[in-house]
Amino acid sequence: MLGMIFQVGFNNQSIVPGLVAYVSCALLVVFTTRFSAKQNNDINLTVKEKTFGLINSPIIVLDVNDNIIDLNQAAHKLINFPNAKLIGLPVRKLLTNLPYDMLDVKSEKIQTCEIMVNGRWYVCSGIQISDQEELVNAKILVLDEITEQKLTDKTIKLLESETKKLCEEKNIFVESISIFSEMNKPDLIFNSLAEKIISLLDITSIFIFYPDHSNPENNRLLVEAYGDDVGVNEKGSNTSFLAQHQGILQEESNRVKDYKILHVDDVDLTEEYRQVFILSSCKSILLLTVESKGQPNIYIEMRESRRFRDFNVDEISLCQSLIMLAGIANDNFGLLNKLGVAIEERILVEERSQYDTNHDKITGLPNRALLLDRLSQALGRYKREEKNVYAILLLDLDKFKIINDSLGHRAGDQLLASIGQRILECVRDVDTVARIGGDEFVVLLVDIKDIGDAIYTAERIQHSLSKGFLIGSHEVYTSASIGITMGRVTYDNPADILRDADASMYCAKDFGGACYAIYDEDMLYQARKLLNTLNDLRRAIKNNEFEVFYQPIISFSSNRPICFEALIRWHHPERGLVNPNDFIPIAEEHGLIGAIGEMVLKAACKQLKIWQDKFPQDPPLSVSVNISAKQLEDARLIEVVRNVIEEYQPAHGSLILEITESSIIRETESALFILTELKSLGVKIYLDDFGVGYSSLNILHKFPIDNIKLDRLFVARMAKDQKDIEIVRTIVELGIQLDKVVVAEGIESLGQQRLLQKLNCNFGQGFYFSMPVKSYKISRMLSKAMNFA
């Protein structure tokens, strides 16, 4: 045996300190056989002290009957049992889960197994030592800890999994490590564990028993926790299956072993179990045991009282993992923290690797693989419900090869990256922009209304690309041919959609590039109609085909008009008079509302000045102009209003701008700034359609609102519903309290006017007084009013 070296490997790792233990112990046995009894005792003590003292791994020496005859300090520390009681004790009394074949070792043949001791994992290696005369026979067990390796393997398995179940388990596992590692008391750790299990498994109650180390025969109830909707009987019963066996809990846990599921209607229930079911009103029970301190002595009892429940293997496995983590957190905080750091580092590496796999290196955009995945999801949503409309825009840059060849590939890559960012700026966060190769980009638009949204996005992209790019010292201009394909139920896979988008893109190329083409024939009519309307609107702005009509606002006390709301009408050369609802939304979406709004402002102020000069009164006549959300998002509105006031010089405070709640609810800070600046110009602000939104009162408080206009819906329903009368009364009283005039819209009868007057509302407009009419009719109305004055 002298000089013989034994090697043991685990998971392809080189030998750990146990190697030294084997050699040293073997030498110790050899030396003890070659000296006299006195010499033997002296040398035995010396060698044992030096060799055992050098070894960090627990070492246990057994006789041929597997009784303990010696052990080193590391083993003493692990077992934590008085030395006098250890010597001569069968090793199985301490290592209860040691396999039987582990002790059936052959001479010089190493046996290994994994065991858990004190809540930690070890590789246990065993070997029999004997001299040539076989006068000395002994068995040596060496334990090398692999807890961190074991946990890391478990974690890596979870992290590398791609199935939905294990991905969910991974998140729970990592989150639990973070939670447990921040706690330093058993009750905190296991209370957190109980809350986590109740939440994940949706059970009604849980009991956690933890070993009492001062008396291993007893276990104490550490946690008793209940879900939110637990029954009164269950919570008040103060009964537990495991608590019935306090003092002989080890015996009961041996019956349970790994886990046990019980139901109230099980025919083989013991009388004790049946009583607990009756007292607690439970229907199903899950009993779990988890190894700790070398024996199964963390006990979990989960109860469900609302329904019968068969806990599946995945749920049980997840609970066991969480219980294991809680036990480790209670025993060794440093290890758990270290494991948490290792997991976080690995997650970062995995996330980076996953990101690189699914993204283009030049632009950082999703690549073809990720695009196809998201497109597949969009296709599935559309097949389930056709309201989930989506579209594909496939862009191919025009003449990119010339730029790439003339300026070089590095400049070409910079241009591609810049183009990717420009496209991103033209879409919403929910949309996807991908580079699928070369100079081709794809935009996936989801949850859109119709083909109009796709066309609008294509136009935005074209406009953005037309601004040019600065690449190094070169100013570069490019455009794109765009193929548009709408999602259809006939598509079965993403490749078909891209194929049709590609075909329509080449159609756009055939038209000379810098344009888009639509593949979907069913949508072609709508697209052409939209394009025709846009072209007609642009022509209308250029040719001034719009006319402003006016609807008077009447003072009930004098029955005379005091203000006029300016309402635009479009004289289409072929379609005749076009209603604003048919073109204003299109103008807003496609950036034409600014020009149209400025035209209305100028016409209204010009006409107002004419009326004020011709029909002077105190206070002077006023006019109100509607301002859209898009106009209110543009700070240039301030300059437009200032120029109009300076040009036409209406009386101070006689120009009113009407806004709606929806126009300021998103960009509140910018809207507040613009409205404050407009107020400084002497403009009054009316809040239109008051009462239909959730934030109307908040807007009155935050924004510089002068007066409010009561929505026509309340006026129309007053005669039918007393509740609406009370709503109107409340709004009018609110206006009086806030010193704001309330103007009622949509008055269509004398009865409505009189009812409003009873409610102290003194101003209104509607068809009862006048429909929106041309300015000359308003002039006649004012002349009559003046003659009757």
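The values are calculated or read from the model by the stated rules, or taken from the named source; none is laboratory data. Fair warning: this is a prediction, and the values are worked out from it, not measured in the lab. Glycine gets a Cβ as well: all are built from the backbone with ideal geometry, and neighbour counts include every protein chain shown. In case anyone asks, the SASA skips ligands and DNA or RNA and just uses the protein heavy atoms, side chains included. Shrake-Rupley method; radii C 1.70, N 1.55, O 1.52, S 1.80 Å.
Tabulated data for the structure shown
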item: Proportion of all alpha-carbon pairs of the range 553-692 beyond 17 Å (%); result: 62 percent
item: Separation in nanometres of the label points that stand 7 Å from Cα toward Cβ, at residue 409 and residue 784; result: 8.2 nm
item: Kirkwood Rh and Cα Rg combined as Rg over Rh, evaluated for the range 357-402; result: 1.12
item: Formal net charge of residues neighbouring residue 544 (Cβ-Cβ distance under 15 Å; K, R +1; D, E -1); result: +2
item: DSSP-assigned coil residues among trypsin sites (Lys or Arg not before Pro) in the range 596-702, each with at most 12 further Cβ atoms within 10 Å; result: 666
item: Neighbourhood net charge (15 Å Cβ-Cβ; Lys/Arg +1, Asp/Glu -1) for residue 717; result: -3
item: Solvent exposure of the range 507-666 as accessible area per residue, Å², 1.4 Å probe; result: 49 Å²
item: Area projected by the alpha carbon convex hull of the range 699-789, averaged over all directions, nm²; result: 7.3 nm²
item: Qualifying GluC sites (Glu not before Pro) for the range 661-758 [loop in DSSP, other Cβ within 10 Å: at most 14]; result: 667, 748
item: Heavy-atom surface of the range 414-457, accessible at 1.4 Å and reported per residue (Å²); result: 36 Å²
item: Separation between Cα centres of the range 357-396 and the range 594-666, rounded to whole Å; result: 45 Å
item: Loop trypsin sites (Lys or Arg not before Pro), the range 349-397 (other Cβ atoms within 10 Å of the site Cβ: 11 or fewer; DSSP); result: 361, 387
item: Stokes-Einstein translational diffusion, the range 384-492 - Kirkwood Rh over all Cα pairs, 0.890 mPa s, 25 °C, in µm²/s; result: 167 µm²/s
item: Per-bin percent of Cα-Cα distances, the range 599-757 [5 Å]; result: 1, 9, 17, 19, 18, 15, 12, 6, 2, 0
item: Ratio Rg/Rh, restricted to the range 401-451 and using Cα atoms, in which Rh is the Kirkwood radius; result: 1.09
item: At R0 = 51 Å, FRET efficiency that the Cβ-Cβ distance of residue 221 and residue 642 yields, to 0.05; result: 0.10
item: Estimated FRET transfer efficiency (residue 507, residue 477; beta-carbon r; R0 25 Å; 0.05); result: 0.60
item: Residues of the range 668-764: accessible area per residue with a 1.4 Å probe, Å²; result: 51 Å²
item: Rounded accessible area of residue 477 (nearest 10 Å², 1.4 Å probe); result: 130 Å²
item: Among 405-418, 63-76, 480-493, the order from most to least packed when residues are scored by Cβ within 10 Å on average; result: 480-493, 63-76, 405-418
item: Taking only Cα atoms of the range 426-581, radius of gyration then Dmax in Å; result: 21.8, 73
item: Distance (nanometres) between label positions extended 7 Å along Cα→Cβ at residue 268 and residue 428; result: 5.9 nm
